[in-house]
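Since the structure comes first, as structure tokens, the remarks are kept for the end.
Readers should treat all values here as calculations from the given coordinates under stated rules, not as data from a laboratory. Note that the structure is a prediction, hence the values are computed from the model and not measured. Positions of Cβ are backbone-derived with ideal geometry, glycine not excepted, and every protein chain shown enters the neighbour counts.
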Amino acid sequence: MAENEGAGNQPVALDIDTLEASIEKSRMQRRRSARISGILYPLAVVLGVLAAWEAGTRLLGVPTFLLPPPSAVAGSLRANASLLLFHGWVTTIEIVLGFVLSIAIGIPLALAIFLLISSQAMPKVAVAPLLLVWFGFGLLPKVLIAFLIAFFPIVISTAVGLSTIEPEKIYLARSMGFGSVATFCKIRLPNALPEIFGGLKISITLAVVGAVVGEFVGGDAGLGYLLMVANGSMDTQLLFAGIIALTILGVALFLVVELAERLAIPRHIIAGDNATHLS
């Protein structure tokens, strides 16, 4: 009888394994289709907008100095590639130096004070002409403007990350005999990394804005300066090309910060943090 019962349970176990394998397979297929859709749909929208833009400007006879077609913008990108690369390199140096300076000042400042609301009262863009008077028209005033605009999100996100920690983790560290320094280095700081990198992602985009604002006010090189020159000479094609180059630069720098986040923080912590925000 025992043999019959074992023989009767075996098909049931096989059916359960088959069902679990089928569920896992369908789950993987849904993930794969969602990943493909996430790539194809935005690409299709962008191509559709470009096609409508091209057709609309040509059929309606819109002057190129008002709205050039995408093909003309692409031609300007090719024709002015070396010019865009040169000015893009200048803007990149200003952005990166301002971003690095914002990290070097912002994070230590957040370690000393968890909140710095009063600094938001200062109109940073209005300070740009004053910085030009003090430091001239070189690289330094543009870096300082990028720093003033970019450092505050790092301060706030670091302060929030350091202060929002579960008390149970602190109790666990104390029960294990950790001192204040060990608790900070092994518990509090790693716990704050997702918030810190969230501030870095915001800061790098604001550093782009700050560098361009500085070039608008008193630059002699850079993509912001190139946009001002193109606007003054009514070269709309170069203006669009400069905007596209600046957008690509901003996205590339954002992806660099995101890559640093993935290298610095374990994947399960990032996934858990995203799940917490979604819930």
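The table below lists the values:
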quantity	calculated
q = 0.12, 0.16, 0.17, 0.18 Å⁻¹: log10 I(q)/I(0) that the Debye formula gives for region 179-259, counting C-alpha atoms only	-0.50, -0.69, -0.73, -0.78
Cβ-Cβ FRET estimate between Ala51 and Phe86, R0 fixed at 25 Å, reported to 0.05	0.20
Cα→Cβ-extended label distance, 7 Å offset, between Ala264 and Asn191, nm	1.9
Proximal charge balance of Leu97 [Cβ under 14 Å; K/R count +1, D/E count -1]	-1
Percent of Cα-Cα distances greater than 14 Å, calculated over region 60-106	67
Base-10 log of normalised Debye intensity for region 19-117 (one unit scatterer per alpha-carbon) at q = 0.17, 0.23 Å⁻¹	-0.90, -1.13
